Amino acid sequence: MEKLNAQMETKRTCQRPLACGHHCGGIPNENVCAPCIMKGCQNQNFYGDGYCIMCTEPWTSKPIIQIVCGHLFHYDCIRQMLKNRWHGSRITFGFMLCPLCKVSISHSDLCEIMSPLVHLYEKIKTKALTRLQHDGLFQAKDITQPSGKYYKDPTGFAMDTYAYYMCSRCRQPYFGGERRCQDEVKEVNPKKLICPLCRVTTKNKDTTKKKVCSKHGLDYLQYKCRFCCSLALFHCFGTSHFCENCHEYYSVVYNAPRESLPKCPAGPCGQQLSGSECPLGIEHPPTGEEFVIGCVMCLNSNSY
């Protein structure tokens, strides 16, 4: 069986002879062969001392790949890491970096799997920088001061500050609040991650679509607080919009049974207000459901 497996792996590896006389051992039909992996040959020194650091199996057990930074890995290991994408519910892009030196992974034989990932990164980067400008944070100390973590790097600051999630229905990324909020709670079930447009029920879907402006799209929708009749200022966990008071005591309202939440007119933190008129002056679903008011950028410019 071991001999058979070895024969199968030989067929999967590049057999072109290198200058040293050894076979390449890389990907079949690759454009440029990787350097010789035979220990001691041509004084080559690679991490792993004869083993891939990702799977701890010998170099010769699988086809190898040398990415742009110069580090070697098994091709299957790098490809699987890219296919697995990010860990957890929040979209992050650390998996697109070399496990050893953190330089962006690049290789002509990875273009097929890398292209959609790069497109996703650019899409979220644009969204994050636009929101950073909208929030007036381009002059944040972390960006402008030499001692700042993201000195002269607004992209890094924006990508670290904001949280974006992948909608489980339409498979498109959407803004889900600030990263610091997610850091304080347990991971959200990916199946519960639903973007604003997909979140609405069939009953009021047409109404919500009318509130999505063609200029600003979905990222700047103004929501009612999910737990009371106030404007939402925070979007957390990729699932819930909060006003400032409900956000401060999110552990109380977020975990409360739906039937225990106050009815409209509802005050922050589970208060039942007197009277029958909504403080926001709008009709909306029962407390506990997400509700879109309109595009906040258009509302602020009085053009909605």
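Some observations on this one:
- Qualifying residue in the range 102-114 (condition: touching a helix residue (DSSP H, G or I) at 6+ places or on another chain (Cβ under 9 Å) and either in the same structural domain as Pro28 (by TED's automatic domain parsing) or of a type in the set (Asp, Glu) (or both)): yes
- Filtered by the rule that a residue be within 29 Å of Leu72 (Cβ to Cβ), in a helix (DSSP H, G or I), within 18 Å of the chain's Cα centre (by Cα) and touching a residue at least 40 places away in the same chain (Cβ under 8 Å), the range 84-139 gives a lone residue, Leu120.
- Residue match in the range 179-194 (condition: at pLDDT 75 or above and either touching a Leu at 6+ places or on another chain (Cβ under 7 Å) or assigned to a strand (DSSP E or B) (or both)): no
- Scanning the range 221-268 for residues that are of a type in the set (Lys, Arg) and either within 21 Å of Tyr162 (Cα to Cα) or under 26 Å from the mean Cα position of the chain (by Cα) (or both) yields Lys224, Arg226.
- His284 vs. criteria within 20 Å of Glu187 (Cα to Cα), outside the structural domain of Thr92 (by TED's automatic domain parsing) and either touching a residue at least 24 places away in the same chain (Cβ under 8 Å) or in contact with a strand residue (DSSP E or B) (Cβ under 7 Å, 6 or more places away or on another chain) (or both): no
The values are calculated or read from the model by the stated rules, or taken from the named source; none is laboratory data. Only a predicted model underlies this, so the values are computations on that prediction, with no experimental measurement involved. For neighbour counting, all protein chains shown are included, and Cβ atoms are generated from backbone atoms with ideal geometry for every residue, glycine included.
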